[in-house]
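The values are calculated or read from the model by the stated rules, or taken from the named source; none is laboratory data. Quick caveat, the model's predicted, so the values are computed rather than measured. Backbone-built Cβ (ideal geometry, glycine too); neighbour counts: all protein chains shown. Please note that ligands, DNA and RNA were not included when accessible areas were found on the heavy atoms of the full protein model with its side chains. Shrake-Rupley method; radii C 1.70, N 1.55, O 1.52, S 1.80 Å.
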Amino acid sequence: MIEEIKSREVLRKLFNEYKNEYNPIDNDYTFVCAYKLDNTYVGFLIYTLLYENAEIIDIYVNPNYRRRGIARSLLNEVINNKEIKNITLEVNINNKSAIMLYNSLGFKEVSIRKGYYNGVDALLMLKENDSMKDVYILGIESSCDETSVSIVKNGSEEIITKTLSQIDIHKKFGGVVPEIASRSHAECITIVIDEALKESGFTMDKIDAIAVTYGPGLAGSLLVGVEAAKTLSLCFNKPLIGVNHMAGHIYANNLVNKMSFPLICLVISGGHTEIIYMNKDLSFKKIGGTLDDSVGEAFDKVARVIDVPYPGGPVIDKLSKIGNPSYNLPVPLDDDSYNFSFSGVKSAVINLVHNEKQRGNDINKEDLSTSFEDIVIKTLTTKTMRAVKEYNVKNLMLAGGVSANSGIREAFDELCKKDNINLSVPKLAYCTDNAAMIAAAGYFYYLDNRFSDYSLKINPSLDLDYEK
Ligand code: KG4
Ligand code: ZN
């Protein structure tokens with residue numbers, strides 16, 4: 001917990017423990033933030049504030065409490081102070097880890113102060129909190145089978161997106177082969193980054209931060225993107241932002257229209273089926289989720305049993321348009337909760353196909369696709385529209401690969417028109433994985449100073465940071 005210390009007596013006691021010679025400056029432009037843990041002060045930050053310019057005088061963290069992000073939290077306290085526009089600090093030129101921390105928070109090197117620390121040079125660093133400034137984020141997405149790089153302005157305006165899909169490579173295996181996917185990312189990532197920069201005419205000096213998916217996804221694939229992002233960040237001295245892939249899917253909507261809160265978002269992808277409530281940026285409250293398979297998995301599985309090529313979702317989408325709902329399938333989890341269960345209907349399709357084959361009967365793929373999709377649409381729309389009413393929101397968003405499904409989009413469109421709800425759906429191309437959505441979400445991490453350092457690790461099963 002961070003608190004601002006006003007009492008000079010407490011300050012004096014605190015500083016005595018730190019340096020005997022320390023003499024806290026008694027004036028009204030010096031401020032102290034202290035980090036309290038287990039009822040003791042374990043770190044503090046002193047800064048002076050003249051008009052909107054802050055100068056960090058000292059940051060101290062008790063050696064027993066280092067490497068826990070305390071210095072970062074203290075700095076964020078100053079950075080998040082809306083009255084402060086410019087923050088400067090000096091750092092010993094040899095203190096590489098501190099310089100890395102400041103860089104990761106968006107501080108830039110301004111000049112060198114010769115011999116400042118007993119003969120050793122100091123680096124003068126500056127962070128400008130200019131809310132009017134345009135922010136350009138370079139996004140990298142490589143969590144599954146698309147190598148994608150994008151530049152997005154202010155989280156909403158796409159400058160360029162370059163995506164290399166591996167669908168054709170994985171098609172012959174009937175699904176994504178993780179080892180092949182990561183190899184292909186490694187071979188292509190530099191080329192895609194280069195193309196995005198060249199085609200947009202952007203150089204790295206115009207980029208404000210690098211945002212990258214660090215989970216959830218395939219471990220080897222995620223690693224390629226994260227390492228590429230760290231390299232760019234290190235070489236060009238740009239802050240690094242680790243972005244949750246699912247937050248990316250949600251923020252694909254911000255590339256269409258600025259998101260309005262409060263809202264309900266139905267996230268339907270290859271790995272997720274969730275109803276999320278948001279009352280502000282990056283605040284995710286999960287109100288329902290799948291108890292077993294995701295919708296995307298169910299689409300892909302059904303596609304496989306009726307022998308349509310990978311990826312199955314889009315093909316089922318097409319077939320269902322020309323079929324009739326002639327097959328009788330069970331309705332999944334029709335209860336009062338906001339949870340979903342698609343394994344029952346998936347198994348029913350598998351059994352039906354199996355039984356018909358044994359009887360020597362042909363399956364009508366179009367009719368089965370329509371029957372399956374109708375049930376999925378009914379379940380998704382019933383629960384989501386109930387959540388919209390119960391949470392009393394006027395804004396509904398769809399997100400994730402399955403939101404590309406035309407039947408699902410049309411059904412929600414009709415219901416929302418009837419109920420006067422603003423429906424937002426991502427651009428068709430940005431329902432499935434892409435880097436524009438990562439750069440868009442990255443912008444909001446940027447505004448919130450949620451930067452990562454080089455210890456950022458991939459997390460294949462990363463969950464959204466849910467509000468309790
Ligand atoms: O979001 P996404 O690209 O990857 C994950 O983050 O999981 O979603 C992929 C899923 C796959 O299951 C794919 O079959 C499904 O989205 N999908 C569709 C359609 N387009 C993609 N499902 C139904 N109809 C579509 N048109
Ligand atoms: Zn995805």
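General remarks:
- Under-5 Å amide H pairs with TYR327, H placed in peptide plane, nonlocal only: SER371
- Flagged links, alpha-carbon separation over 19 Å, of LYS82/LYS153; LYS153/LYS258; LYS108/LYS162; LYS153/LYS206; LYS162/LYS198; LYS258/LYS280: LYS82/LYS153; LYS108/LYS162
- In sequence order, calculated HN-Hα J values of region 69-74 (Karplus, 6.51, -1.76, 1.60; Hz; x Gly/Pro): x, 5, 4, 4, 5, 5
- The phi torsions of region 103-113, fed into the Karplus equation with coefficients 6.51, -1.76 and 1.60 and a -60° offset, translate into couplings of 4, 5, 9, x, 6, 10, 6, 10, 7, 10, 9 Hz, rounded to whole numbers, with Gly and Pro shown as x.
- Each Cα pair under 8 Å and six or more residues apart adds its sequence gap; the mean of these over the residue count of region 122-212 is a relative contact order of 34 percent.
- Note on the chain: dipole from Cβ charges, positive end direction compared against TYR35, ALA411, ILE268; the farthest Cα belongs to TYR35.
- The listed residues ARG67, ARG304 rank as ARG67, ARG304 when sorted by accessible area, largest first, using a 1.4 Å probe.
- Nearest-ten-degree value, helix 343-358 long axis tilted from longest Cα axis of the chain: 30
- In the context of the full protein assembly, THR190 retains an accessible surface of approximately 100 Å², using a probe radius of 1.4 Å and ignoring ligands and nucleic acids.
- Charge dipole (Cα centre; +1 on Lys/Arg Cβ, -1 on Asp/Glu Cβ; no other charges) of the chain amounts to roughly 340 debye.
- Accessible-area value, HIS185, 1.4 Å probe, nucleic acids and ligands omitted, Å²: 0
- Computed per residue of the chain from DSSP H runs no shorter than four, each worth -39500 (n - 2.57), the mean residue ellipticity at 222 nm is -12000 deg cm²/dmol.
- Ordering of 269-276, 449-456 by packing is 269-276, 449-456, highest average first (other Cβ atoms within 10 Å, averaged per residue).
- The chain: angle of helix 219-236 to the longest principal axis, Cα-based, in degrees nearest 10: 30
- Reachable lysines, given that their alpha-carbon falls under 21 Å from the alpha-carbon of LYS286 and they are not under 8 places away in the same chain: LYS378, LYS383, LYS389, LYS394, LYS468
- Region 436-468-region 70-113 distance, computed between alpha-carbon centres (Å): 20
- Whether region 2-128 is rounded, prolate or oblate, judged on the alpha carbon gyration tensor where a/c under 1.5 counts as rounded: rounded
- Given charges at beta-carbon only (K, R positive; D, E negative), |dipole| of region 257-425 in Debye: 440
- Rounded if a/c under 1.5, otherwise prolate or oblate - region 286-370, Cα gyration tensor axes: prolate
- Folded to 0 to 90 degrees: helix 365-390 orientation relative to the chain principal axis, Cα: 40
- For the chain, the residue among SER200, LEU368, LEU75 whose Cα projects farthest onto the positive side of the dipole built from Cβ charges is LEU75.
- In terms of accessible area, using a 1.4 Å probe and ignoring ligands and nucleic acids, VAL425, VAL149 rank largest first as VAL425, VAL149.
- Dipole of region 257-425 [Lys/Arg +1, Asp/Glu -1 at C-beta], most positive-end residue of GLN358, PRO330, VAL425: VAL425
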